[in-house]
């Protein structure tokens with residue numbers, strides 16, 4: 001059972017200006033290209049303090065709206081193209097601010113066999129783990145990728161229908 005005080009504490013931690021400043025530091029360190037708005041890390045940095053405050057206030061007042069992802073197609077070594085969606089710098093900051101608060105709560109819920117998108121884990125560690133189990137006589141590997149699942153998920157379709165009225 002969730003207690004209202006705990007929810008308020010999560011909200012206040014998420015919305016703190018300090019959290020948004022820390023999120024900006026992480027985003028700036030990761031670099032990355034501009035999103036659909038064309039704003040670069042360098043441009044945002046030139047007015048960071050003012051922009052971080054404005055972003056934090058917009059999120060806190062419920063008027064912040066993320067922009068669409070910039071679509072970039074990257075050639076695969078095996079042929080074909082991989083679609084990459086790039087969020088704007090501001091969207092990355094908002095996402096990182098939320099991650100700063102939720103990660104410590106959610107990380108313990110993941111299974112040890114889960115490697116994708118987790119700090120300190122990589123595809124190389126996943127391959128190493130597969131070798132570990134192979135050497136112990138196991139012959140099956142489950143490779144699950146949600147990339148195409150989300151577009152076809154009945155739950156996602158239900159939420160989209162709900163949001164659109």
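The values are calculated or read from the model by the stated rules, or taken from the named source; none is laboratory data. The structure displayed is predicted, hence computed values, not measured ones. FYI the Cβ positions are ideal-geometry reconstructions off the backbone, even for glycines, and counts take in every protein chain you see.
Against the criterion of being modelled with pLDDT of 60 or more and within 26 Å of the chain's Cα centre (by Cα), residue 134 does not qualify.
Highlighted here are the helices (runs of 4 or more DSSP H) found entirely within segment 1-72 that include at least 1 residues which are under 14 Å from residue 87 (Cα atoms): 17-30, 41-46.
Within segment 86-108, one or more residues are farther than 20 Å from residue 26 by Cβ and exposed (fewer than 10 other Cβ atoms within 10 Å of the Cβ). Between 45, 94, 54, the distinction of being closer than 30 Å to residue 6 by Cβ and more than 19 Å from the chain's Cα centre (by Cα) belongs to 54 only. Consider residue 58 carefully, then state whether it is out of contact with any strand residue (DSSP E or B) (no Cβ under 8 Å at 6 or more places or on another chain) and touching a residue at least 12 places away in the same chain (Cβ under 8 Å). In short, no. Taking segment 19-33 as the range and being surrounded by 11 or more Cβ atoms within 10 Å (Cβ to Cβ) and at pLDDT 95 or above as the test, the residues that pass are 19, 20, 21, 22, 23, 24, 25, 26, 27, 28.
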